[in-house]
Amino acid sequence: LKREVRLWKLSNHVNIVPLLGLVSGKLGPGLVTPWYTHGNVLQYIRRGPNVRREALVMRNVASGLRYLHKQDPPIIHGDLKGANILVAMDGRAALCDFGLSVILDSGPTGFTSFVLGTTLRFKAPEEFVEDLEGGSIPRDVYSYACIYAQVCTP
């Protein structure tokens, strides 16, 4: 959790869910974020097909990913899926859940560049046949394409 919090705090972008703080309770520690009225992107698109709404959501997701990947060193989300994309009241989508995220070539930050696992449905095919360590931009892009198909296909 400590690594996730440190990484999330490095990410400041309109299409990244802001981390407001931490709480501790009977169920253990928790992360505090703003409330996203429309829930996750899968809940949002169930309202029925709307090409403009779907296009806006996917542009927002691409913008958030681009921001992460353009950092120096790049940040890899590592678990991009519909449940990890929240939609605000104004229809703006934002990425969340950085538990499997990594920083490539971590250097002095102390982060390592390995991924413990991702949601199988959105895993790049090479991850099933190769013993791969570390996240990669192409794998995040593959996950984005899977979400794109899911969002744009009734």
### Query
What whole number of Å gives the distance from the Cα centroid of the stretch 74-101 to the Cα centroid of the stretch 49-66?
12
### Summary
With 0.36 nm assigned to each residue of separation and the Cα-Cα distance removed, residue 22 to residue 72 gains 15.4 nm
### Query
Using the count of nearby Cβ atoms within 10 Å as a rough guide to exposure, how do 143, 11, 63 rank from fewest to most?
63, 11, 143
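Rule-based calculations on the coordinates, nothing more; no lab input. Just so it is clear, the structure is predicted and the values come from calculations on it, not from any experiment. Glycine also receives a Cβ, built like all others from the backbone with ideal geometry; neighbour counts cover every protein chain displayed.
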